[in-house]
Amino acid sequence: MVRVSRRMVSIDHERCVECGFCESVNVCHGGGRCIGCLSCYYACPYEARVLRLEEAECRLVKIIVDGVEYSVPDGVSVKEALEGVGIVFGRPGSRGLTAPCGLGGCWACAVLIDGNLERTCITPVRDGMRVELDVEDVEPLRIVHGPQPHRVGGKATPWWEVNGVRYVEAAIWLAGCNLRCPQCQNYHVTYDNSTRQMTPLEAARRLTECRKSYNTSGLAVSGGEPTLNRRWLIEFFKILRDMNPGARLHLDSNGTILTKDYVDELVEAGCNNIGIEPKAIRLETYMMITGIRDEELARMYLENSWDILKYIISSYSDRVYVGAGFAYNPEWMSLEEVAEIGDRIASIDPGLQVTVLDYFPAFRRRDLRRPTVSMMLDVKKVLEERGLKTVIVQTSMGHFGPGRRGAPY
């Protein structure tokens, strides 16, 4: 037996509305007991999960990692057990073993457990478990939603392709995210850890079939955050490129963990259309939007998203169509900050396509009011006054495009 300090999550029945999210989307993999992975804590739309720390006596169990036997506390995740015996998880977005989402959606933390690829972040240890860390020869997996055709596209869908009538992209959305945005618009994707996972080949085949069915000019991947599982995403783009020669291959990302070499690898793999969403320019606003409470982590994410946007434009403007985006709501952003964002983008490239989303009530921010059309047109005007030439704003009436293209599309 060993005495440990453990994170435990319980249900606040006064807040629980029995929505079924924890039974059909973000499902506990703990085998009937909490292992402190926190996936359900972050995922519950009504914040009905309560986190507490407790001291407990735990029995020790034996696990075998790459042929070496270790004693680890029972009732913890495989990830926690591996870290406890000295296994280091890499920086999110790097090659090799990483654990960027902690939700079970991205599969970047997957290793072989008793011969099967499985996620370390939400899988409990058990006595006699055999773990193999080298999975380079095993097909990577990821939870995928879609494909579906899209009439508007994402942050970097070339604005002139969009008319609101025909489909411009076939898209998939990948589960898992490193942010905790309380107004997440795709939370059924972001927090999904139960849908059957796909290989890059399977996802690319399905997306290609969707493109052919709807005759779209582009193929897109969004999320969640697509970049969390690097090996999966690179293989996916390589296969997609080979299946769709000359096509526009679009990645939408929050830009938080992309590095220069990761971008280089994506472009080499065929990604020729990238949208980055820095979300804000002021740190306090960024923390409010993303739900990241660690100030240093939030600062790193914010600065990296702006830096990587600048790198993509400076290095690949001749090969990649680039767009930037952020979400506007007066609850978290003033027009003064909008102007600051405009100045920052103009200093990088005044011709850069900028897409502003009007965030409405979703996930845990059901108190939000959707910005009016007039508000969004004010945002557009502010950005254009800062010298930006290609501004698109989403409104309840549709999208308003660059300059005098005022008819919604």
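So if I place +1 on the C-beta of Lys and Arg and -1 on the C-beta of Asp and Glu, and nothing else carries charge, what would the dipole magnitude of the chain be about its Cα centre? I want it in debye, nearest 20.
It comes to approximately 1020 debye.
Suppose we keep just the DSSP beta bridges with both residues in the chain; what percent of those would be antiparallel, to 5?
50 percent
Taking the Cα centre of the range 214-328 as the origin and placing charges on Cβ (Lys, Arg +1; Asp, Glu -1), which of Cys271, Pro226, Ile257 is farthest toward the positive end of the dipole?
Highest projection toward the positive end goes to Cys271.
Rank these for me by crowding, Phe326, Phe236, Phe400, going from fewest to most other beta carbons within 10 Å.
Phe400, Phe326, Phe236
Give the residue list of trypsin sites (Lys or Arg not before Pro) in the range 146-217 that are DSSP loop and have at most 11 other beta-carbon atoms within 10 angstrom.
Sites meeting the loop and neighbour criteria: Arg196.
Pick out, in residue order, every one of the GluC sites (Glu not before Pro) in the range 180-251 that is DSSP loop and has at most 12 other C-beta atoms within 10 Å; say none if there are none.
For GluC sites (Glu not before Pro) across the range 180-251 that sit outside H, G, I, E and B with at most 12 neighbouring Cβ atoms in 10 Å, the list is empty.
Which order results if Arg230, Arg52, Arg95, Arg248 are arranged by neighbouring Cβ count within 10 Å, fewest first?
Arg52, Arg95, Arg248, Arg230
Among Ala327, Ser10, Met287, which residue has its Cα furthest toward the positive end of the charge dipole of the chain, with +1 on Lys/Arg Cβ and -1 on Asp/Glu Cβ?
Projecting each Cα onto the dipole axis, the largest value belongs to Ala327.
Could you size up the charge dipole of the range 279-409 around its Cα centre, putting +1 on the beta carbon of Lys and Arg and -1 on that of Asp and Glu, and report it in debye to the nearest 20?
In total the dipole reaches around 540 debye.
From the backbone phi of the range 11-28, what are the Karplus-calculated ³J(HN,Hα) couplings (6.51 cos²θ - 1.76 cosθ + 1.60, θ = phi - 60°) in whole Hz, Gly and Pro given as x?
After applying 6.51 cos²θ - 1.76 cosθ + 1.60, I find 9, 8, 5, 6, 8, 5, 10, 6, 6, x, 4, 7, 9, 10, 10, 9, 9, 5 Hz.
Count the lysine pairs in the chain whose Cα atoms lie under 16 Å apart, taking only pairs 8 or more positions apart in sequence or on different chains.
So the count works out to 10.
Can you sort Lys310, Lys380 so the residue with the fewest Cβ neighbours within 10 Å comes first?
The fewest-first ordering by Cβ neighbours comes to Lys310, Lys380.
Quick one: grab the alpha carbon gyration tensor of the chain, order the square roots of its eigenvalues as a ≥ b ≥ c, and give me rounded if a/c is under 1.5, else prolate or oblate depending on whether a/b is larger than b/c.
In terms of gyration-tensor shape, prolate.
Show that you can apply the helix-only estimate: for the chain, add -39,500 (n - 2.57) for every DSSP H stretch of four or more residues, divide by all residues, and state [θ] at 222 nm to the nearest 500.
-8500 deg cm²/dmol
Which of the three applies to the range 275-409, rounded, prolate or oblate, going by the alpha-carbon gyration tensor with a ≥ b ≥ c and a/c under 1.5 meaning rounded?
Judged from the Cα gyration tensor, the range 275-409 comes out oblate (a/c at least 1.5, b/c at or above a/b).
Restricting to bridges with both residues inside the range 251-403, how much of the DSSP beta-bridge set is antiparallel, in percent to the nearest 5?
The antiparallel fraction comes to roughly 20 percent.
Please go through the range 309-380 and write out the GluC sites (Glu not before Pro) that DSSP classes as loop and that have at most 14 other C-beta atoms within 10 Å.
Sites meeting the loop and neighbour criteria: Glu331.
Taking the Cα centre of the range 333-378 as origin and charging only Cβ (+1 Lys, Arg; -1 Asp, Glu), how large is the dipole, in debye to the nearest 20?
Result for the range 333-378 is approximately 440 debye, rounded to the nearest 20.
Which angle from 0 to 90°, rounded to the nearest 10, does the C-alpha axis of helix 260-269 make with the longest principal axis of the chain?
Helix 260-269 sits roughly 80 degrees off the main axis of the chain.
How far is helix 335-348 tilted, in degrees, relative to the longest principal axis of the Cα atoms in the chain, given as a value from 0 to 90 rounded to the nearest 10?
Relative to the chain, helix 335-348 is tipped by roughly 90 degrees.
No value in this document is a laboratory result; all are computed from the given coordinates. Just so we're clear, the structure is a prediction, and the values are computed from it rather than from any experiment. All Cβ positions, glycine included, derive from the backbone under ideal geometry; neighbour counts span all protein chains shown.
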